[in-house]
Amino acid sequence: MTQITPQPGIMDIALYEGGQSHVEGVSDILKLSSNENPFGPSPKAKQAIADAVSEVHRYPNTDHAPLRQAIGEVHGLDPERIICGVGSDEILQFLCQAYAGPGDEVLHTEHGFAMYRILGLAVGATPVEVPERERVTDVDALLAACTENTKLVFIANPNNPTGTMIGGNEMARLADGIPEGAILVLDGAYAEFVDGYDGGVSLVDARDNVIMTRTFSKLYGLGGLRIGWGYGPRHIIDVLKRIRQPFNLSEIQMAAAIAAIKDRDYAARCLAENARMRVWLSEQLAALGIPSDTSLANFVLARFADTQEAKAVDAHLKSRGVIVRQVAGYGLPNCLRITVGDETGCQRVIDGIRSFQESRA
């Protein structure tokens, strides 16, 4: 019998698990496991979705020009250097397809987004995990890990699930220090939550070996529609466009994204509320004796005494209908990642953890 086998690396991929949404036997669920916007998308985006439904029998345009134009206007970017994808994950996939393969290495940090390793393996490349320093990207360690086989260096800034980030000088040092022919990929899924941060635009504009990605899944509340984009040098964007499928985004996706990114007032309100409740949640956790690093995203990484306590708190919260995220798969078994919800949601988290502590007293 002929044995049918997949390409090397594929069977080394563990299936990605998204944040849990349900707890059997428990009602009134509060999902704080996937870093979603608790207020949902802009009403203007919802209306755009409704308006676009009547045209679903039509093929979408293939060049995403209106969406790229809207992104360019909001962020002051050249639309010709923007590429859109099915979530920013698809842009990361394009990069691996185009620039890495068997014999090549793809670098990512110790507690970095799980998809970096998965996408590297999918193209037969070798993922290289690089240690962080106290849950922060370590540029010296990344540079030391580079070899002549390094083709892509992925960092999320701010990082998921730690919420930490490095500054512009460190990013520039990394971009300047990686091997010739390698690309630095700045995953900016949480960039909007950092006041005054351009997501890496200035770094991209000053070099030819840096590309940045962004998403509509977090701030803009469109995770269910899967829309992302990337901005980079013309020579990289030109390559990625050649492997992008022509109809990868529907008109509904594009209409929603255009309306969402143009509604700056709604985005500003969501950002302000996230910043307020992120500080409150961190302070309340600290008051309960639970430390967390200063988060620059829309979640807080709570650190418990050990793995057993983290699991016990998670189970207790679930029993009360509050779902957070265990992150043992990210090398942080004693931590729980907690999405910053609205005020009521954050209060439920603190009440639940306080209840757990009282039950153990």
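No lab work stands behind these numbers, since they all come straight from the coordinates. These numbers were taken from a predicted model, which means no experiment stands behind them. Methodologically, a virtual Cβ is constructed for each residue, glycine included, from the backbone with ideal geometry; neighbour enumeration extends over all protein chains shown.
Structure data summary
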read-out: Sparse-neighbourhood loop sites, trypsin sites (Lys or Arg not before Pro) in the range 195-250 - DSSP loop, at most 16 other Cβ within 10 angstrom; value: Arg207
read-out: Under 26 Å from Lys151, Cα to Cα: lysines that are on another chain or at least 8 residues apart; value: Lys241
read-out: Among [x] 26, 53, 20, 1; [y] 29, 57, 13, 0; [z] 21, 29, 19, 17, 12, 2, the entry derived from the coordinates for P(r) over Cα pairs in 20 Å bins from 0, in percent; value: [y]
read-out: Ranked list, fewest to most other Cβ atoms within 10 Å of each Cβ, for Asp238, Asp187; value: Asp238, Asp187
read-out: Separation of alpha-carbon centers, the range 168-246 and the range 112-146, rounded to whole Å; value: 16
read-out: Listed residues Gly101, Asn274, Ala305: farthest to the positive end of the dipole of the chain (Cβ charges); value: Asn274
read-out: Span from the the range 312-332 Cα centroid across to the the range 11-30 one, whole angstrom; value: 11
read-out: Cross-link partners of Lys318 among lysines (Cα-Cα below 25 Å; sequence separation of 8 or more within a chain); value: Lys31, Lys218
read-out: Exposure rule at most 15 other beta-carbon atoms within 10 Å, DSSP loop chymotrypsin sites (Phe, Trp or Tyr not before Pro): the chain longest free segment; value: 40-246
read-out: Residue-averaged 222 nm ellipticity for the chain, from DSSP H runs of 4+ at -39500 (n - 2.57), nearest 500; value: -12000 deg cm²/dmol
read-out: Antiparallel bridges, percent of DSSP beta bridges restricted to the chain (to nearest 5); value: 45
read-out: About the Cα centre, charge dipole magnitude for the range 234-361 (Lys/Arg +1, Asp/Glu -1 at Cβ), debye; value: 420
read-out: Charge dipole (the chain, unit charges on Cβ, about Cα centre) - positive-most of Val322, Gly230, Ala144; value: Val322
read-out: Sites matching trypsin sites (Lys or Arg not before Pro) across the range 1-99 that sit in DSSP coil, with at most 15 neighbouring C-beta atoms within 10 Å; value: Arg58
read-out: Size of electric dipole in the range 43-263: Cβ of Lys, Arg +1 and of Asp, Glu -1, about Cα centre, debye, nearest 20; value: 680
read-out: Range in the chain, longest, excluding exposed GluC sites (Glu not before Pro) [loop by DSSP; at most 13 other beta-carbon atoms within 10 Å]; value: 181-361
